[in-house]
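Take a look at the structure set out below.
The values are calculated or read from the model by the stated rules, or taken from the named source; none is laboratory data. Predicted, not measured: the structure shown is a model, and the values here were computed from it. Neighbour counts run over all protein chains shown; Cβ positions are idealised from the backbone, glycine included. In case anyone asks, the SASA skips ligands and DNA or RNA and just uses the protein heavy atoms, side chains included. Shrake-Rupley method; radii C 1.70, N 1.55, O 1.52, S 1.80 Å.
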Amino acid sequence: MGAYGPAAELKIARRHIVEGHVNGEWLGQDISDQTLLVDLMETEKQGLATAIHHASSVGRALARAARLIVLVEHRLVPLFQRTFPAADVRAVGPGTKAAYGEAQAFAGVQHLTAVFETDETAIRKNFVPLKPDPARVAELRARYRKDGRPLVGIAWGSSNPGKDLPPLTAWRGLLSRPDLRFVSLQYGQVASDLKILTDGELARILHDGSIDQLVDMDLFAAQVAAMDAVVTISNTGAHLAGALGIPSVFILGDGFKRSWPVEGDRTPYYPSAVLVSKRERPWAAVMEDAQNHMGSLISAG
């Protein structure tokens with residue numbers, strides 16, 4: 001509903017009631033002479049998307065502390081190191097306890113939101129795009145765009161059975177444009193999906209088997225950054241495309257999702273993205289809407 005800061009404050013207050021206060025918890029006080037630890041993976045379930053979603057606040061935290069340690073899932077370490085070279089970026093794991101011991105103050109996602117992400121204006125103003133490996137981006141872009149057509153990355157599936165997703169056949173209208181080069185950003189085994197998506201014309205979608213986001217997220221970030229536009233369901237790739245600043249269309253099914261605004265077609269966390277929500281419409285209408293937005297993004301680019 002747009003009340004990002006107050007919502008985070010309520011979550012912190014609830015934690016205090018249930019678990020009590022913890023020494024060193026950072027709530028915006030002066031730490032200019034201290035080491036701050038920012039933990040972007042406080043639980044095993046708090047995967048990559050959460051860290052990516054709140055990445056811009058790392059830059060703001062850097063300005064508030066004498067030294068900053070950032071904990072992220074191991075696949076995000078290169079991307080965060082490149083984006084925030086002044087921070088000490090480490091992988092969550094065996095060294096986590098020692099990292100906490102080095103800091104005088106610590107902050108999780110809710111603390112960052114309460115301090116830095118108070119409202120849409122503050123979030124949008126302080127957006128910092130993540131930095132992919134420029135050499136990898138250039139290499140992939142040159143390899144994919146041999147015929148000069150704009151590159152559009154797509155992702156359509158999820159391992160989460162609870163997501164409301166368009167059927168594969170609903171993508172065919174969007175994929176029918178001959179003036180665009182479509183690239184699969186989908187993880188997992190996709191061979192059977194590609195046959196359905198393309199109605200058997202497999203050449204319509206480029207699938208690069210050398211890239212596996214589940215193994216090398218930094219290479220996947222370079223692949224996403226090589227695109228002229230991205231059209232995807234809500235997944236980690238959507239957050240990554242938005243955080244990289246790539247013009248994107250995010251297709252959202254019915255049902256409440258904490259990552260996205262309840263109303264409107266924009267999110268302050270990703271200024272380059274357009275949200276296309278189902279809102280109980282037929283999937284054909286939703287995908288037509290997504291295609292129109294994609295066309296506008298390509299034309300604007």
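Test Arg141 against the criterion of being open to solvent by 60 Å² or more (accessible area, probe 1.4 Å) and of a type in the set (Lys, Arg), and give yes or no.
Against the criterion (open to solvent by 60 Å² or more (accessible area, probe 1.4 Å) and of a type in the set (Lys, Arg)), Arg141 qualifies.
Can you pull out the helices (runs of 4 or more DSSP H) entirely within segment 65-151 that have at least 3 residues that are without any contact (Cβ under 8 Å) to a residue 12 or more places away in the chain?
Here the list reads 96-102, 134-144.
Can you pull out every residue in segment 58-76 that is open to solvent by less than 40 Å² (accessible area, probe 1.4 Å), under 18 Å from Gly245 (Cβ atoms) and more than 14 Å from the chain's Cα centre (by Cα)?
Val58, Gly59
Report, by residue number, each residue of segment 30-47 that is open to solvent by 20 Å² or more (accessible area, probe 1.4 Å) and touching a residue at least 40 places away in the same chain (Cβ under 8 Å).
Selection gives Gln34, Met41, Glu42, Gln46, Gly47.
Criterion first (modelled with pLDDT under 95, more than 17 Å from the chain's Cα centre (by Cα) and assigned to a helix (DSSP H, G or I)) does Met294 satisfy it?
Criteria met by Met294.
In the set Val18, Val89, which member is more than 21 Å from the chain's Cα centre (by Cα) and hydrophobic (A, V, I, L, M, F, W, C)?
From the options Val18, Val89, the qualifying one is Val18.
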